[in-house]
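Derivation of every value follows stated rules applied to the coordinates shown; laboratory data play no part. Because the structure is predicted, anything quoted here is derived from the model rather than measured. Heads up, the Cβs are rebuilt from the backbone with ideal geometry, glycines too, and the neighbour counts pull from every protein chain shown.
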Amino acid sequence: MKKLISIFLILTLCCLPVFSKTNDKTANKDVANKGYMGTLPDITNKFDKSRQAVSTPVFEAQDGFTDPKDLKPVPRDNPAFINVILKSDRTSRYLNDINEVIPLLENVVTCIEEDADVQVFVAKANFLDLNVDYIRQKYTGEPESYYESFKALMDVNLHTQAIATMRAEAVIYSRYLAYSASGSIYNPQNISQQLEYLKEELLSTLITLKEAE
C-alpha cells in the first residue's frame, strides 16, 4: 500500500510542469489576441533636437564693387521710387508731380520740331495747362512755390498758352487782318519765330526740372 501511494505522488509531481506550461501558453495566447492591432503613428520626429534655420540671401553679392561709376542712377522716371524709396515728404511729392509733367513739355517740343498742325499743337498745349494748373493750385503758398523749377514751369506754360492762342486765332483772323498792323502778328513768319523762341524756353525749362531736387 505504501508503494502505491509513493508511486502516485511521483506521477503527480511529474505532471505538474506539463500543466503549468500548458496554462502559460493558453494565457499568452489569450493576451496576444487582445488589444490594439493597427499601426502606431511615428512620433519620433517630435523628439528631435531643434535645428537652426539657415537663411538664403535675396540679392547676390557683387565681388570687387569698389568703383563709384558702377552705381546705377536714381530712377527718377519711376513714381514707385519717389513714393516708396525716398522719404515721403513734400519734396518727394513735388518731384513726383514734376516727373509727370516733363513728358508733356517734351511733347510740345516734338510738335514744334515736326511742324505739327495747329489742332495738334493746341491740344498738347491745353493738356499741359491742365497739369500745370494742378501743380499751381497744389503748391501755391507752399515752400515749393519758391523753387526755381516751379517758377520756370509756370512761365513756360504761360508762354505756351499764348502761342497756342495766337496760332488758333491766326487760322480765323489772318485773312481779314492781312492788310492791317495787327495782321502781322498772325503771319507765318512771325508764328514760326515765336515757336522757335518757345522751343528754346521749353528745352531750358526741361533741364531745370530734371535737375530739381
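Things worth noting here:
- Simple spin-label estimate for Q193 and T165 in nanometres, 7 Å along Cα-Cβ: 2.1 nm
- With the biggest extent put first, the Cα atoms of region 102-154 measure 38, 17, 13 Å across the principal axes.
- Look at R175, R136, R167 and count the other Cβ atoms within 10 Å of each Cβ; fewest to most, that gives R175, R136, R167.
- Arranged from fewest to most other beta-carbon atoms within 10 Å of their beta carbon, D97, D155 become D155, D97.
- Net length gained if the chain between I172 and Y146 were fully extended (0.36 nm per residue, minus Cα distance): 5.5 nm
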